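Taken together, the values in this text are just the output of simple stated rules run on the coordinates, not laboratory data. Bear in mind the structure is a predicted one, so any value in this text is a computation, not a measurement. Ideal geometry is used to build each Cβ from the backbone, glycine not excepted, and the neighbour counts take in all protein chains shown.
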Protein chains: 4
Amino acid sequence: MDPLRTSIVDAGPTHLRVRGHNVLELMRHATFTDLIFLLHHTRLPTPQERRIVDAILIGGADHGPGAPSCAAARLVVSGNRQSPSAAVAAGVATIGDEHGGAGTRCMELIATGIARAEGDRTRFAAEAARLVDEARQTKARLPGFGHRVHVDIDPRVDVLFTLARTEGLAGKGIEFARALESAVAERIKPIPLNIDGALAAILHDLGFRPLVGKLLFVVSRVAGLSAEVLEEYTREKPMRFRFDVEYDGPPPHPDGE
Amino acid sequence: MDPLRTSIVDAGPTHLRVRGHNVLELMRHATFTDLIFLLHHTRLPTPQERRIVDAILIGGADHGPGAPSCAAARLVVSGNRQSPSAAVAAGVATIGDEHGGAGTRCMELIATGIARAEGDRTRFAAEAARLVDEARQTKARLPGFGHRVHVDIDPRVDVLFTLARTEGLAGKGIEFARALESAVAERIKPIPLNIDGALAAILHDLGFRPLVGKLLFVVSRVAGLSAEVLEEYTREKPMRFRFDVEYDGPPPHPDGE
Amino acid sequence: MDPLRTSIVDAGPTHLRVRGHNVLELMRHATFTDLIFLLHHTRLPTPQERRIVDAILIGGADHGPGAPSCAAARLVVSGNRQSPSAAVAAGVATIGDEHGGAGTRCMELIATGIARAEGDRTRFAAEAARLVDEARQTKARLPGFGHRVHVDIDPRVDVLFTLARTEGLAGKGIEFARALESAVAERIKPIPLNIDGALAAILHDLGFRPLVGKLLFVVSRVAGLSAEVLEEYTREKPMRFRFDVEYDGPPPHPDGE
Amino acid sequence: MDPLRTSIVDAGPTHLRVRGHNVLELMRHATFTDLIFLLHHTRLPTPQERRIVDAILIGGADHGPGAPSCAAARLVVSGNRQSPSAAVAAGVATIGDEHGGAGTRCMELIATGIARAEGDRTRFAAEAARLVDEARQTKARLPGFGHRVHVDIDPRVDVLFTLARTEGLAGKGIEFARALESAVAERIKPIPLNIDGALAAILHDLGFRPLVGKLLFVVSRVAGLSAEVLEEYTREKPMRFRFDVEYDGPPPHPDGE
């Protein structure tokens, strides 16, 4: 087989470098968030960038065992106590466009809108309206808007956008996300940006690629999944979940089979 | 079904708290590493504890696409481009006692040795020797020792133990791990502590439960897996892996079937 | 939580039925393929339908450890020997539109074409040509065509279509699939139907929903993945995979970090 | 990298063979159960062996969405609608010693007991009693006994053992399993063999290795998981699961963070 090529890690018996940075030096001086930024970007973050990425990672980490990702991880612990990593893996697989993973599609939406406006802020409202109308026509759900618990406002969005502003990092991504929010309110009904949408706007402004929207949520949520798995192992018995089930299929077959 | 109980996250329409701490405040002031510590421990870390946990998380994050966890994640991207989270999940499932997950069993070994010595440091050498002899009798591999690349010494171990000492966090866990290393060298042959072993010793000293040894490696490695998945998506074509295969089973069946 | 509703299984202390059929009776008289058909359809198969579904399931089961799904499963065994099911799971996650999972999109293509032709066979050639042209315009790959090993012809396709004909089950699905194949040859170049495409045509004719195209391949391949996992456990050592890796990223960072 | 070796599949541009058998011929004449047997054994089954393996595979396939494996698969569909295979994978990962996977450990138990008795049937009762006593001393749960729904008797066990007898396949495995059941009833309390235990006894008598106990259950259950995933996609909305959660951790932190 051809060698696997990578531009991320240079590992050998004498060295271990991530994007050219010596891992031993990073271990001595950097934070895990620095490394996460470096792994997904091309360079280390500034202190301001580190601050906002820390906030993003904290905001997505855990919503308790009722979130589908956490519940799936706990179910695996319940049936398979041989592999804690398999439980975390099942939780990770639960993350998709419908659960925590809307950041990627929202980043694509923001990038499309800004590109159509050719970066001209005066055209953001018009392009946002056009995107909302297009979504309505195809009956597509707008990624990054609405939350089943935080119906009116997701307070984490405000924290993130305030941080972005005070750290001097608010750019066109946030501006276009707010334009989308206004267009949604005008043309459909008020549906607030959710944390996926806020994350998408900020990651756009930090120069990340759209796929990072979903992946950074995964990195964040794994911290919570891991803690949920730890608690399920140490507090709960195997096979404890007992769902009520209602059968509404065909009646018993007459011939007994 | 009975409600799912949790002692970690208290989430509601008006609040989101992790072990009593307001997540909005954590987003404003804490680091992701603080949150990881809080999720797996009972409290936030001191600055010294945060420093060493950052070093641990950085040290385990990525060893390049040749590591089984990374290769598995990239294979999934290669065949299933619909779900980046499924690729990360496959990488996570690859982590076991044989790959990155020895921290848990090493923490159990250290805890057993210290308990048998009743915490008395003068008895560590004797108890370490006893554990090594027991492992030899059952032909069990000692978890936390040896590395297929870092044969002589894993430089990350030195960085971690130096940090633990300078931050004033080196305790009985590190001491017992070194006692084990000496006993291995005397009774078998010199096999250095690897990063799983170093992580185990330090996490013991920080008061974490043994299962955290494996789980913190998962949290750490997911940062790397996520970046590998991003690179595979953005640089490589689907279905690019072409392994050489050698068949050594029964010959063609005579009757054609 | 609301009860989970299901139209498939009625399970209780005194009975276990699948779509109304008593499982004990099925155990006594039916085959596993009967049950697979029943689970994904609304009824048991005829003997002719059972024959062709057996052939489909056999055809997709295993292509050796070089297939990405098998390689991923073996990598998990290599690193995580605590959970054979986690290894099978990683292999399953590798199945996507690019690897074994094209059956679903091909079934959708066939259903679209037949619907556009309003079921009129004389219009199949024209509608197939239109679909091929649409795919060319959007540069989309036609699902169900081409194979990296079976470049000229996939002999399993011929076996399946012959069986469908001799069992009296060949319908519009197969006819439209052949029309697509001709249109591809005329308008692009000869690219043979692959097994995903053949499976799609036949499953359409048997009345399955498009999603079954991907799912039946999963059911089929799991038989092979399971055997590969068994062999990896019983013949091979942990951590045996050694990929060559080539780093082509940034050079060492000047400041040592 | 060294070539991957396999004794199962010989695949090339001109042929595809499983353990020497031409897959095209198998597609024409064999059943999926034949292939599953061949993949996990060294040869094709006799008609009697096929019958009993069909019964085993049917018995384990699906217990409805309340089983942890099915619930986990449905949760993944609920959050991640991009990858049906990821949902099946999460269901598979849920299978462990505690859920469907006890067959392997029960096969090991049976093999141990028969080996200790040196195959002498007159010694089975004594060796079974010894194994039960050993389990009681270490407080280990006996694999293959008890079921949370089928408390008194699992009717599938009777069907399987009757089939084994009428097909002339009942051997020492079944006999030793029954000896274990009697020893459990005498020394602890009546706990009936469950389907894992019945499967273990029969697979022992058919000459399968212990790991097959768990793997054949996976193969079987995937048929059900796949159907559950299909139903969740086609009948249910994303993010529909709403678990009740009860927080019993530390109270709100006084300093607001």
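Note that the protein assembly as shown shows a convex hull volume over its alpha carbon atoms of 175 Å³ per residue.
Legend: mean number of C-beta atoms from other chains within 10 angstrom of residue C-beta atoms, peptide A:36-47, equals 3. Checking the table D:Lys139/D:Lys172; B:Lys139/B:Lys172; C:Lys189/D:Lys237; B:Lys172/B:Lys214; C:Lys214/D:Lys214 against a 32 Å threshold on Cα-Cα, which pairs fail? Result: C:Lys189/D:Lys237 exceed 32 Å.
Order by neighbour count: B:Glu231, C:Glu228, fewest other Cβ atoms within 10 Å first, most last. Mind showing how you got there, number by number?
Working: B:Glu231 22, C:Glu228 29.
Listed from fewest to most nearby Cβ atoms, that is B:Glu231, C:Glu228.
For A:Gly213, neighbours were defined as the other residues whose beta-carbon sits under 11 Å from its Cβ, and their charges (Lys and Arg +1, Asp and Glu -1) total 0. Between the stretch D:14-72 and the stretch B:199-257, what is the C-alpha centre distance in whole Å? Taking the Cα centre of each part, the stretch D:14-72 and the stretch B:199-257 sit 28 Å apart. In terms of overall dimensions, the stretch C:65-211 has a Cα radius of gyration and Dmax of 17.2, 58 angstrom. Each residue, B:Asp2 and D:Arg116, gets one label point 7 Å from its Cα in the Cβ direction; the gap between the two is 3.5 nm. Inter-copy label distances at B:Glu186, shortest first and taken from points set 7 Å along Cα to Cβ: 5.0, 8.0, 8.6 nm.
Taking only the Cα atoms of chain C, the ratio Rg/Rh comes out at 1.06, with Rh defined as the Kirkwood radius.
For n ≥ 4 DSSP H runs only, could you compute -39500 (n - 2.57) per run for chain B, divide by its residues and tell me the 222 nm figure to the nearest 500? Don't skip to the end; give the middle numbers.
Working: 11 runs with 145 residues, N = 257.
After summing the helix terms and dividing by the residues of chain B, the value is -18000 deg cm²/dmol.
Hey, can you list the DSSP H helices of chain A whose Cα span along the axis is 18 Å or longer and whose average Kyte-Doolittle score is at least 0.0?
Going by DSSP H runs, the hits are A:47-60, A:102-116, A:211-235.
Let's test the formula: R0 of 45 Å, r as the Cβ-Cβ distance of A:Glu186 and C:Met239. What FRET efficiency results, to the nearest 0.05?
Values: r = 58 Å, r/R0 = 1.30.
For R0 = 45 Å, the calculated efficiency reads 0.15.
Taking Cα centre as origin and charging only the Cβ of basic (Lys, Arg, +1) and acidic (Asp, Glu, -1) residues, the dipole magnitude of the stretch A:78-156 rounds to 180 debye.
For chain D, the residue among D:Leu24, D:Leu160, D:Gly197 whose Cα projects farthest onto the positive side of the dipole built from Cβ charges is D:Leu24. Across the identical copies, the label point of A:Gly119 (7 Å from Cα in the Cβ direction) is separated from its matches by 5.7, 6.4, 8.2 nm, in order from shortest.
For C:Arg240, the distances from its label point to the matching points in the remaining copies are 2.7, 4.0, 4.5 nm, ordered from shortest, with each point set 7 Å beyond Cα toward Cβ.
The overall shape of the stretch B:193-247, judged from the alpha-carbon gyration tensor, is prolate: a/c is not under 1.5, and a/b is greater than b/c. Along the Cα-to-Cβ line of B:His29, 7 Å from the Cα, sits a label point; which residues in the stretch B:51-78 have backbone N less than 20 Å from it? Within reach of a label on B:His29, which here means backbone N under 20 Å from a point 7 Å along Cα→Cβ, the stretch B:51-78 contributes B:51. For the stretch B:54-123, the Cα gyration tensor yields ellipsoid semi-axes of 36, 12, 9 Å (square root of five times each eigenvalue, largest first, whole Å).
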